[in-house]
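Here the structure comes first, spelled out in structure tokens, and everything after it is commentary.
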Amino acid sequence: MPDWMPSWGTTALISIVTSVLTLIVAGRYVSPLLEVRNRRFQAKMQTREKFSASMMDILSAVTHLLVAPVAPEASDTVRAALREERARWRTQVDEATTYLTDHAVQLLLAYQGNKIPTMAVRYSADMRGVWISDRSEDRKLALLRDATQHCHTLFFDSPLYMLKRARAAQQLERLLDELEGADGR
């Protein structure tokens, strides 16, 4: 180092050069990788959120359909209003099951492991199959409610409830196996 530079100057100069090089390397190479990783993580979380929202839409609409039948003794106005509400709830189930089926492949990337992502895709496809099947409406609604409750417990209950989640996984798998089998009608 030059004679005019104090001894601490060398240390400061090395520190400045190291900082500048670190900023250049981080800005040029590390930062883009982190941005890509962040976008992937956000997409994964959005897929999970939409999966949960679709399940809640199904569960809500199915529950309404099960508990609000059109009463024959009600007035014409009330019966007409109930028919309209029931049609709206059926549309909600139709839209939610359609969304789940159309976006099921995204669930393979949103969850890790061998069994869990496959279970999410199976649930999505089977619920659409149940909804468009020729089963009676009460049977459809019961199947949708039961499978959705088990699936929501499996995917979205707290990890502290491992036993409850394990039971839900078994019951969901049994129900999906029945639906996919010949005796599923």
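The values are calculated or read from the model by the stated rules, or taken from the named source; none is laboratory data. A quick note: this is a predicted structure, and the numbers were derived from the prediction, not measured. FYI the Cβ positions are ideal-geometry reconstructions off the backbone, even for glycines, and counts take in every protein chain you see. In case anyone asks, the SASA skips ligands and DNA or RNA and just uses the protein heavy atoms, side chains included. Shrake-Rupley method; radii C 1.70, N 1.55, O 1.52, S 1.80 Å.
Table for the structure above
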read-out	value
Kirkwood hydrodynamic radius of the stretch 116-175, Cα pairs, Å	11.9 Å
The stretch 23-111 - Debye-derived log10 I(q)/I(0), Cα point model, q = 0.11 Å⁻¹	-0.52
On Cα atoms only, tilt of 7-25 relative to the major axis of the chain in degrees	30 degrees
Model label zone, residue 137; criterion: amide N under 18 Å from point 7 Å along Cα-to-beta-carbon; scope the stretch 93-131	93-97, 130-131
Solvent-accessible area per residue, Å², over the chain with all protein chains present [probe radius 1.4 Å]	65 Å²
Rounded tilt (10° steps) of 137-156 against the dominant C-alpha axis of the chain	20 degrees
Accessible surface of the chain, 1.4 Å probe, proportion on carbon and sulfur as whole %	59 percent
Helix 31-67 axis, angle to the chain major axis (alpha carbon atoms, nearest 10°)	20 degrees
For residue 119, solvent-accessible area (1.4 Å; no DNA, RNA or ligand), Å²	10 Å²
D_trans [Stokes-Einstein, Kirkwood Rh over alpha-carbon pairs] for the chain, 37 °C, 0.692 mPa s, µm² s⁻¹	162 µm²/s
Proportion of all alpha-carbon pairs of the stretch 29-80 beyond 17 Å (%)	63 percent
